[in-house]
Amino acid sequence: MLRGQLAGLVHWSESPFVRQFQLLLGESPMRYLVRQRLHAACKNPSLKTACDFEYSGEMIEQMLLGLVAYRGGKKIAYDGAAGKVTNCPEANALLSRKYRAGWSLNG
């Protein structure tokens, strides 16, 4: 592995298989597989998609709570059922916002 001034970007060229696949179906193999998996999951609810919303929802919640802790300046204790930070009142202010007149979020 090259580091520092010796490091550089490596040019990646597609294989002949990928080019043939794109010419035949008009899309990359990865896009084709993701689309096929999504269609299969729509038809059969027991299958998962490549972008599972259950997983991604939990992941983004954890990432945003990390940002709240960073902005609060200390470790937080979060009650997921209540949707509140239990040990840092100023962090709770970061969990919601007051919307301008004419704009609202229902839910």
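Computed from the coordinates by the stated procedures, all read-outs in this text should not be read as laboratory data. For clarity, every value in this text was computed on a predicted model and none was experimentally measured. Don't worry about glycine lacking a Cβ; one is built from the backbone with ideal geometry, like all the others, and counts go over all protein chains shown.
I need the semi-axes of the equivalent ellipsoid of the range 53-95: take the C-alpha gyration tensor, multiply each eigenvalue by 5, square-root it, list largest first in whole angstrom.
Details: eigenvalues 68, 27, 11 Å².
Semi-axes (√(5λ), whole Å): 18, 12, 7.
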For Lys84, list long-range residues whose amide hydrogen, built 1.01 Å from N in the peptide plane, is under 5 Å from its own amide hydrogen. Asp79
Exposure-ranked with fewest Cβ neighbours within 10 Å first, Leu24, Leu64 stand as Leu24, Leu64
Residue-normalised 222 nm signal for the chain, counting each DSSP H run of n ≥ 4 as -39,500 (n - 2.57), nearest 500 deg cm²/dmol, is -14500 deg cm²/dmol
Tell me whether the chain comes out rounded, prolate or oblate; compute the Cα gyration tensor, take square roots of the eigenvalues as a ≥ b ≥ c, and use a/c under 1.5 as the rounded threshold. oblate
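Would you mind ranking Thr86, Thr49 by Cβ crowding within 10 Å, fewest neighbours first? The partial results should precede the final answer.
Details: Thr86 12, Thr49 15.
Ranking Thr86, Thr49 by Cβ neighbours within 10 Å, fewest first, gives Thr86, Thr49.
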Amide H of Glu27: which non-local residues (sequence gap of 5 or more, or other chain) have their own amide H closer than 5 Å, using H built in the peptide plane? none
Per-residue ³J(HN,Hα) for the range 25-42, Karplus 6.51 cos²θ - 1.76 cosθ + 1.60, θ = phi - 60°, Hz, x for Gly and Pro: 9, x, 8, 6, x, 5, 4, 4, 5, 5, 5, 4, 5, 5, 4, 5, 5, 5
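Once the piece of chain linking Cys51 and Ser96 is laid out straight, how much longer is it, given 0.36 nm per residue of separation minus the C-alpha distance between them? Please report the intermediate quantities before stating the final value.
Details: separation 45, 0.36 × 45 = 16.20 nm, distance 2.63 nm.
Taking 0.36 nm per residue and subtracting the Cα distance, the gain is 13.6 nm.
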